[in-house]
4 protein chains.
Amino acid sequence: MAVEVVEAPWGAGVPVERFEEILKADKSHLIKAVLVTHNETATGVRSDIAAVRRALDAAGHSALLLVDGVSSIGCMDFRMDEWAVDVAVTGSQKGFMLPVGLAIVAFSRRAIAAIEQADLPRTFFDVRDMARSYANGAYPYTPAVGLLNGLKVSAEMLMAEGLENVFARHRRIASGVRAAVAAWGLELCAAEPSLYSETVSAIRTPSGFDANTIISHAAQKYDVAFGVSLGEVAGKLFRIGHLGSLTDVMMLSGLAAAEMAMADVGIPIRLGSGVAAAQDHYRAAHADRYKVAA
Amino acid sequence: MAVEVVEAPWGAGVPVERFEEILKADKSHLIKAVLVTHNETATGVRSDIAAVRRALDAAGHSALLLVDGVSSIGCMDFRMDEWAVDVAVTGSQKGFMLPVGLAIVAFSRRAIAAIEQADLPRTFFDVRDMARSYANGAYPYTPAVGLLNGLKVSAEMLMAEGLENVFARHRRIASGVRAAVAAWGLELCAAEPSLYSETVSAIRTPSGFDANTIISHAAQKYDVAFGVSLGEVAGKLFRIGHLGSLTDVMMLSGLAAAEMAMADVGIPIRLGSGVAAAQDHYRAAHADRYKVAA
Amino acid sequence: MAVEVVEAPWGAGVPVERFEEILKADKSHLIKAVLVTHNETATGVRSDIAAVRRALDAAGHSALLLVDGVSSIGCMDFRMDEWAVDVAVTGSQKGFMLPVGLAIVAFSRRAIAAIEQADLPRTFFDVRDMARSYANGAYPYTPAVGLLNGLKVSAEMLMAEGLENVFARHRRIASGVRAAVAAWGLELCAAEPSLYSETVSAIRTPSGFDANTIISHAAQKYDVAFGVSLGEVAGKLFRIGHLGSLTDVMMLSGLAAAEMAMADVGIPIRLGSGVAAAQDHYRAAHADRYKVAA
Amino acid sequence: MAVEVVEAPWGAGVPVERFEEILKADKSHLIKAVLVTHNETATGVRSDIAAVRRALDAAGHSALLLVDGVSSIGCMDFRMDEWAVDVAVTGSQKGFMLPVGLAIVAFSRRAIAAIEQADLPRTFFDVRDMARSYANGAYPYTPAVGLLNGLKVSAEMLMAEGLENVFARHRRIASGVRAAVAAWGLELCAAEPSLYSETVSAIRTPSGFDANTIISHAAQKYDVAFGVSLGEVAGKLFRIGHLGSLTDVMMLSGLAAAEMAMADVGIPIRLGSGVAAAQDHYRAAHADRYKVAA
């Protein structure tokens, strides 16, 4: 089993055209699966899964489409059926608002068929054992009962809010964050608006300032945890997560903390400027729905 | 048993001189106890308990000193022994950061003696039953075990942080709130700085704006609960609580929400202005302790 | 306000005939209320509230009927309307299976009317403040939100099991306990079967054996808490509580512990004899419902 | 990589002599590791890890010793250093009394060295990533913070009780279970006393009775979960787990439930007989420590 990694610059999305070329060139269908990350947590970049599906279809290729939806599913629109995703994976600790502990995996019928035909030896990760047990209302190993109960509750919470409303809330909160970043005169790692993630924003710090210093300072002085950066962009950006059980006002405290931490390290940020830009955005959202009585 | 209520304007502290007059006039010591609220939750006013003690002493009066410390104990400096307080009461749900459910009462030796001599019939509130049971490591009724365990943990948390640090944190957070109020061009209900509470700020809204509209709007649109006003000041102020398990950054989200709600009802507030004033204050606090590495 | 206490022997129920005599003698209706305990926790005695209502009616007396249902409501059949109870009180920590903290009080229309006409000064216990707040979906003081949410859940649990099933479960568990007591050759404090409580059994120890020694020994050696006895029967009985979230099998462990503790202090108990009697009872219950497949 | 499985009858322990033969025959040390289960959960059989170590030493073999201690560590004596175990694994949900979720793995210095030299590709299970992060007080992936905090508490609980006391408690509870089994006239799956597990007992049902019927009946009628049997002994035994946060009295309820369920399916069990045998055992344990005051 060989793996071909398609490189893309940090901040870019999945290079769909390159995927299509490779798939078209693979006349004998040696490629068994295409793996894509829907929402890149390290860079705050959302890729276009529908386009990857179109590339597969354009190439007439039979490869399975496997999607890492860890930081998107339950927060951003994800269309398992419409995009003909074959395997989608997420965790309990993001959109489902639970502690870490569950890997949640969905399979298409084609993926199920592929599992049956696969001849790689499997033990713990053999989902057929789970399928067999599920059929009897059971579980093949000791189940994480607490998390499974929690998943039931968080799924009910998401359905009660309405998935469309959940997605809209994430969009609104993320737009506010981006308004703040613009007000600070800074840039996101994501190269262009179509790539902006609704669940995490990676903010490039001005040259000469170490992003990791901002992060450790914010943790120490303000008890706020920003995300570190990795690889090529290490030290060049810090990340703000904005997903799950989050309100506009909770988001503002993160923006206010970022302003203070950046000011403390010497970045010429006007305090309150990013907060005000986000406030403007949040006030306007649903303005008609929450009209103040005259 | 007659009760004499000493009136004071909303926003004023306990009128200590008036207390002293009344006590001096009570030659035959008919007054059995003086009741004072240390921190008036409805107005954000802190009274000077040490001064009340001095008034009692100046009058040579034997009345007991009973203090309501519900919203001060565990947050603001309270000196049971130094001020010779006879009965102090607080709850589990404020400085002790627990759910509602425990009334926590402390008695001086003089208060204990008064309890023994009192001839009012008592049943549930007869603390002697508790004293007797405590002596055997027991409780006279079914105890709220969960809250008692919680109280042990919260007391340990307060001692681990250090009471002086806990008080300083509340002072710092409150000062930031007051910096925001000043930046908004608004005023507190508390009449002067010596009366400012470190745990709750009652903010007067400009005339023509109903504070209750701000409060209900903030709850509906922003999911943030501000406190309503009562009595003479009803509709004229809204309250921000800032006590317990709270950080500077958490406070900023409350200030940001107040800004948006005030702007939404038409008060000419510059968004981010109060937040920036508080950020300035919080950045400066302990600046030397959290110095950024060069 | 005078209070007339009607004495009854320990182990007897409410002396209904004596109540009727007193009520008939009170021609001018000076008696404002009759207070009765439905289920006496200290003795494991259930009184006949319906009969007390009949005594009131037979006397044509207008006194309110106040019932302490702390250890019965939610476990044993209680008919507020049918028995024309005016005030019923219970707590969160018994049939509702929650931590201590809520007093749950129900009022009849007559009781509400009496509250309006009463002229005793009231503050904290003035339920009219609660009624006014409830009408606005609010609460007059800081509410115990956690316990109120818990009450919602426990009420849902009781309704899901079905009140009739909940009562039947308590009857079945209590009958098993009584079968064990009979097998041990011991007697209950409750004087006769019609008085047997379904939620607590007070067991008389043979003369020469201190019940309190059994209780403290069981706590120390077996980590099991039996209830102490009070007043005239102090040291003469120990109590087994059997209410709330309890199964037949959980009950058996309490009986087994009682056997070991009694044997340890020298009471000639055959180990397993009471357990076996209760097992017989529990096996027979619903035998048809849980028939083993052939 | 080839795997040689050494078969042993159900109910037998690890065949140490056979291990020694195989190891001695492997002159060129092709065998890289010997895997042994300390306590076989499916059969209630404890194997002699010290003997396996001696077999390795007697053969002068360099293979690593890998031990599955899932259902023994934290309950039964386990000597990582004395037995020179190279890798030991357990979970959070057994002796550590927590929810499922943590795999807890310990490595010897030799195992660490082997990890460094291994050339199998590894990603998620590469413990070197963890070692590197631990060195900075961090974690390579999103950590299960709740379970890690829980592990701290459960480790403190075990140390507060004292490991020797924890082991003695498991021995005492298990002996009581075995006394009950003997009183019922039944046999364990474990072939002889030296193999008896202190944490789980697998009980053979008399021929003609399906163990799975007992298990499902106990679950339905008595709300008690016994363990099913697998493989060759499927339907021939049911298992009682007795580990973790467990007292003698809690154990008795499990035994009482087993008696009722067995009687219900027609096995000629005298109710209370096994309970009485266990009670005898538990009463005697520490009899001097818990002597009743004269």
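Points to keep in mind about this one:
- Residue B:292 meets all of the listed conditions (1) part of a loop (DSSP other than H, G, I, E, B); (2) within 11 Å of chain A (Cβ to nearest Cβ); (3) within 19 Å of residue B:71 (Cβ to Cβ) but one, namely (3).
- Entry remark, the range B:123-144: residues being over 26 Å from the mean Cα position of the chain (by Cα) and under 11 Å from residue C:99 (Cβ atoms) number 2 in total.
- Residue among D:59, D:42, D:12 that is at pLDDT below 95 and touching a Leu at 6+ places or on another chain (Cβ under 8 Å): D:42
- Failed item, numbered, when residue A:278 is tested on (1) touching a residue at least 60 places away in the same chain (Cβ under 8 Å); (2) in a loop (DSSP other than H, G, I, E, B): (2)
- Some residue of the range C:116-133 being more than 11 Å from chain B (Cβ to nearest Cβ), open to solvent by 80 Å² or more (accessible area, probe 1.4 Å) and among the aliphatic types (A, V, I, L, M): yes
- The set of residues in the range C:134-144 being of a type in the set (A, V, I, L, M) and surrounded by 12 or more Cβ atoms within 10 Å (Cβ to Cβ) consists of C:144 alone.
For every residue, the table says whether it meets (1) in the same structural domain as residue D:261 (by TED's automatic domain parsing); (2) over 27 Å from residue C:246 (Cα atoms); (3) of a type in the set (A, V, I, L, M, F, W, C).
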| position | (1), (2), (3) |
| --- | --- |
| D:168 | yes, yes, yes |
| D:173 | yes, no, yes |
| D:193 | yes, yes, no |
| D:211 | yes, no, yes |
| D:217 | yes, no, no |
| D:220 | yes, no, no |
| D:234 | yes, yes, yes |
| D:244 | yes, no, no |
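- Selected residue (only one of C:176, C:162, C:150 is touching a Ser or Thr at 6+ places or on another chain (Cβ under 8 Å) and open to solvent by less than 30 Å² (accessible area, probe 1.4 Å)): C:150
- Unmet requirement for residue D:278, which otherwise passes all of (1) at the interface with chain C (Cβ under 7 Å from one of its Cβ atoms); (2) out of contact with any Phe, Trp or Tyr (no Cβ under 7 Å at 6 or more places or on another chain); (3) buried (at least 24 other Cβ atoms within 10 Å of the Cβ): (1)
- Residues of the range D:179-206 classified as surrounded by fewer than 23 Cβ atoms within 10 Å (Cβ to Cβ), of a type outside the set (A, V, I, L, M) and either out of contact with any Cys (no Cβ under 7 Å at 6 or more places or on another chain) or over 15 Å from residue D:43 (Cα atoms) (or both), total: 9
- If you check A:24, A:94 for being open to solvent by 20 Å² or more (accessible area, probe 1.4 Å) and part of a helix (DSSP H, G or I), only one passes: A:24.
- Only residues that are under 24 Å from residue D:173 (Cβ atoms) and open to solvent by less than 50 Å² (accessible area, probe 1.4 Å) were counted in the range D:97-107, giving 3.
- Within the range B:115-127, residues that are at pLDDT 90 or above sit with their Cβ atoms under 8 Å from residues that are of a type in the set (Phe, Trp, Tyr), at 6+ positions apart or across chains, in these pairs: B:115/B:107; B:127/B:107.
- So residue C:285, is it more than 7 Å from chain D (Cβ to nearest Cβ), modelled with pLDDT under 95, in contact with a Ser or Thr (Cβ under 9 Å, 6 or more places away or on another chain) and open to solvent by less than 40 Å² (accessible area, probe 1.4 Å): yes
- Test: residue in the range B:50-62 that is touching a residue at least 24 places away in the same chain (Cβ under 8 Å), among the aliphatic types (A, V, I, L, M), more than 17 Å from residue B:197 (Cβ to Cβ) and assigned to a loop (DSSP other than H, G, I, E, B): yes
- Yes/no for residue C:37 being in contact (Cβ under 8 Å) with a residue 60 or more places away in the chain and surrounded by 15 or more Cβ atoms within 10 Å (Cβ to Cβ): no
- Once the range C:264-273 is narrowed to residues that are more than 8 Å from every other protein chain (Cβ to nearest Cβ) and in contact (Cβ under 8 Å) with a residue 60 or more places away in the chain, the residue that is surrounded by the fewest Cβ atoms within 10 Å (Cβ to Cβ) is C:267.
- Considering the range A:210-245, the residues that are in contact (Cβ under 8 Å) with a residue 40 or more places away in the chain, touching a helix residue (DSSP H, G or I) at 6+ places or on another chain (Cβ under 6 Å) and within 14 Å of chain B (Cβ to nearest Cβ) include one that is nearest to residue A:168 (Cα to Cα), namely A:242.
- Pair list, Cβ < 7 Å and 6+ apart or interchain, from the range D:1-23 residues that are outside the structural domain of residue D:66 (by TED's automatic domain parsing) to residues that are aromatic (Phe, Trp, Tyr): D:6/D:19
- Selection within the range C:74-114 - without any contact (Cβ under 8 Å) to a residue 60 or more places away in the chain and touching a His at 6+ places or on another chain (Cβ under 7 Å): C:78
Table: residues versus (1) surrounded by fewer than 16 Cβ atoms within 10 Å (Cβ to Cβ); (2) assigned to a helix (DSSP H, G or I); (3) in the same structural domain as residue D:46 (by TED's automatic domain parsing).
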{"position": "D:208", "(1), (2), (3)": "yes, no, no"}
{"position": "D:229", "(1), (2), (3)": "no, no, no"}
{"position": "D:239", "(1), (2), (3)": "no, no, no"}
{"position": "D:251", "(1), (2), (3)": "no, yes, no"}
{"position": "D:262", "(1), (2), (3)": "no, yes, no"}
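- The listed residue being out of contact with any helix residue (DSSP H, G or I) (no Cβ under 6 Å at 6 or more places or on another chain) and open to solvent by 20 Å² or more (accessible area, probe 1.4 Å), out of C:77, C:48: C:48
Let's see how each residue does on (1) surrounded by 17 or more Cβ atoms within 10 Å (Cβ to Cβ); (2) over 22 Å from residue C:168 (Cβ atoms); (3) touching an Asp or Glu at 6+ places or on another chain (Cβ under 9 Å):
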position: C:64; (1), (2), (3): yes, yes, yes
position: C:70; (1), (2), (3): yes, no, no
position: C:86; (1), (2), (3): yes, yes, no
position: C:90; (1), (2), (3): yes, no, yes
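The values are calculated or read from the model by the stated rules, or taken from the named source; none is laboratory data. Values in this document were obtained by computation on a predicted structure and should not be read as measured data. We place every Cβ from the backbone using ideal geometry, glycine too, and count neighbours over all the protein chains shown. Keep in mind that these areas ignore ligands, DNA and RNA; they rest on the heavy atoms of the full protein, side chains included. Shrake-Rupley method; radii C 1.70, N 1.55, O 1.52, S 1.80 Å.
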